[in-house]
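Encoded as structure tokens, the structure appears first; notes follow it.
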Amino acid sequence: MSAINRPSAGTLDPPLSRDIVVVNPQGLHLRPATAFAKLARQFASSVAVCRDGQRANGKSQMELLMLAAESGARLTLEVEGPDAATALDPLADLLAAADASDD
Amino acid sequence: MDTRRGTPVSPGVAAGPVLLLDTEWFRISRRKLRTADVDAEIERFRTAMAAAATEARQEQQNIGKQLGRQYGAIFEAHAMLLEDPAMSGEIELQIRTDEYAAEYAVSRVIRRYAKAFQSVGSSMLAGRASDLFDLERRVIGCLLGDRREELKHLTAPVIVMAHDLTPSQAAQLDPSKVHAFVTEAGGRTSHTSILAAALEIPAVVGVGPFLEDVSGGDEAIVDGNHGLVILDPDDATRAQYESARKTYVSFERSLDELRDLPAETKDGVRITLLGNIEFPHEAAHAVAKGAEGIGLYRTEFLYLSRDSDPTEEEHYKAYCEVLSHLPAGVPLVVRTLDLGADKFNPRSEPVSEEQNPALGVRSVRLCLQNLPLFKTQLRAIFRAAVHGDIRILFPMITTMRELRRCKLLLKEVKEDLFEDGVPFAREVPIGTMVEVPAAAILAGPMAREVDYLSIGTNDLVQYTLAADRTNEHVAELYSAVDPAVLFLIQRVLDEGRKAGKKVNVCGEMSGEPFFAALLLGMGLRQFSVTPHSIPEVKRVIRSLTLTEAENIAREALLLETASEVMNYLRTQSRRLLPELEL
């Protein structure tokens, strides 16, 4: 049998989103972006971080960095997919953390 | 076959495979792939990215252990960037749709990100651009693997082609492996060009954009005599250049045989032949070519390509190194800093724009306005002079007052050294360069103030004829044998003789065989030339009697235009030195 028009996993679950303010004084710099992307890649869901209409793939540090999110920037986190509900909290916490590179 | 034209800056001909360099010293092939090879190239790229990420993780471990986890985390971020889906996706797209070789696609994409980082207006991001360059180097290093060819580790002869080379990059070229170089940018007077001549490898610069049409490994011929770059030469051209090269090499060999013969005219007048150098190690080469000493050590390279002024110790080491390459008791003339404010400004001073740099704050003027900088060099010269026959040469002296200020400064420096209890030579001969018409006119009084004079013909011609030789629209005016220039040179030679002081000529003019006979006839007894011209000048000297040279000079000085002088000298050298017509 040939492939059937199967809806992608993502469309089965509604996208979840949360607004977050960057509090890290250095902004969303290399290490926090890396930590975030690293975590995001562990989920099957698609992860996006938006700022002023600019949309970054949350699994790409490069795109996250290109948001140039300095301290105080307002971001929207969007998670869509089978494990979106599990992914949202830890991702949001990491994005909001004072400094993701702190141990 | 494709011939490009540029500015010839160093003579000779070389043929061989091309090594393309980008500014980071990596070989970046702008090669296009065959469509059939695209999949294999993407596989090669993925393997290299994975290897680069593994390397970065290894570094994360090592640095983490050595300096703490925080520092190691930087390399974890690098590893993650290497695995970044957005970036590798773009690179793969370039390989697939544009059919670029992986090295080139990596370089293009990463550099575009770096540029975006720098232009987004965030200082946080701008600072990350250097991380990206680091990644670029790492991935390309992995892609090249064993083919990675940093210039220092070249195993086979190549022709280096690059957009531009900095002087310090050019200085790294190993003449035994790099047989020629070609750049898109640059001009005759750039320091890189002067360096190519010093390294004695053929070089053509200022070719304009052409690297897009070349791939690493292509065959090319560089004709440094005529400023030609021949890409992918046909067999006939190749054969023609090969025979020309053989003739040139056998001519050079025949000159080398002259090395141990004295520079003396047929009737036994002894002439002193010295070498001009840019770098300490060239002194050995000059001696090998038959130089009886160094008549001009240009010290500018101590100041260029760096962020801080050289220290007294760095000066001292460089001068001692030159001495180490010279037989004992042989003279070494150290010229003090001779750079224009346009090329160099002491790090402590703000840059000031000049309308007319050639007539502005340069050379000894710059030094006299920056005494700490000047004294640092002078102290080192006095200290090094303990170990050999070092002499000081002041460039661009224009007035007696400047010369006297320099001499006063020497006294001060000696007193300082004495007070500091540092060993130094008390008696160091002092010379002044004659390269401004005012100094030539005042050659008599100047000669009485110093131990010797040295005529710098390049600047003397430029200032006498008010023509910049690098400006093509007035280059026609620029001639070392213009009667006005010859008049001034004659005056300096005469005044030097009257004052009982030696006169040297150290500009490019004295290295031209045509002109050597003329200068000899005008009374010059000491030539300082680039090392590779020494045998040729010696041959001219050895093939004439002084009377013959004096006759040439007498006739030439009666002529009224530069082209008449030039034609006359050509005819004479054809008669006396037929083998020079090469």
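Listed here are the residues, each with its yes/no results for (1) out of contact with any Asp or Glu (no Cβ under 9 Å at 6 or more places or on another chain); (2) surrounded by fewer than 16 Cβ atoms within 10 Å (Cβ to Cβ).
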| site | (1), (2) |
| --- | --- |
| B:223 | yes, no |
| B:226 | yes, yes |
| B:231 | no, no |
| B:238 | no, yes |
| B:241 | no, no |
| B:250 | yes, yes |
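The residue that is nearest to residue B:122 (Cα to Cα), counting only those in region A:53-75 that are open to solvent by 40 Å² or more (accessible area, probe 1.4 Å) and more than 13 Å from chain B (Cβ to nearest Cβ), is A:74.
Taking region B:403-467 and the helices (runs of 4 or more DSSP H) fully enclosed by it, the elements with 3 or more residues that are in the same structural domain as residue B:515 (by TED's automatic domain parsing), surrounded by fewer than 22 Cβ atoms within 10 Å (Cβ to Cβ) and modelled with pLDDT under 95 are at B:457-465. When region B:74-111 is filtered for residues that are of a type in the set (Ser, Thr, Tyr) and away from chain A (no Cβ under 11 Å), the ones remaining, listed by number, are B:97, B:100, B:104, B:107. Restricting the first member to region B:560-572 and to residues that are touching a residue at least 24 places away in the same chain (Cβ under 8 Å), and the second to residues that are open to solvent by 40 Å² or more (accessible area, probe 1.4 Å) and not in a helix (DSSP H, G or I), the beta-carbon pairs closer than 8 Å and six or more apart or on different chains are B:565/B:559. Scanning region B:41-70 for residues that are within 12 Å of another protein chain (Cβ to nearest Cβ) and either in contact (Cβ under 8 Å) with a residue 60 or more places away in the chain or surrounded by 18 or more Cβ atoms within 10 Å (Cβ to Cβ) (or both) yields B:56, B:60. From the list B:337, B:302, B:296, B:323, the one residue that fits, being crowded, with 17+ Cβ neighbours inside 10 Å and under 18 Å from residue B:423 (Cβ atoms), is B:323.
For beta carbons closer than 6 Å, sequence separation of 6+ or different chains, a first residue in region B:297-316 that is over 24 Å from residue B:531 (Cβ atoms) and a second that is hydroxyl-bearing (Ser, Thr, Tyr), the qualifying pairs are B:312/B:376.
The values are calculated or read from the model by the stated rules, or taken from the named source; none is laboratory data. On a predicted model such as this, the values are computed, not experimentally measured, just so you know. Don't worry about glycine lacking a Cβ; one is built from the backbone with ideal geometry, like all the others, and counts go over all protein chains shown. Areas reflect the complete protein model, heavy atoms only, side chains present, ligands, DNA and RNA absent. Shrake-Rupley method; radii C 1.70, N 1.55, O 1.52, S 1.80 Å.
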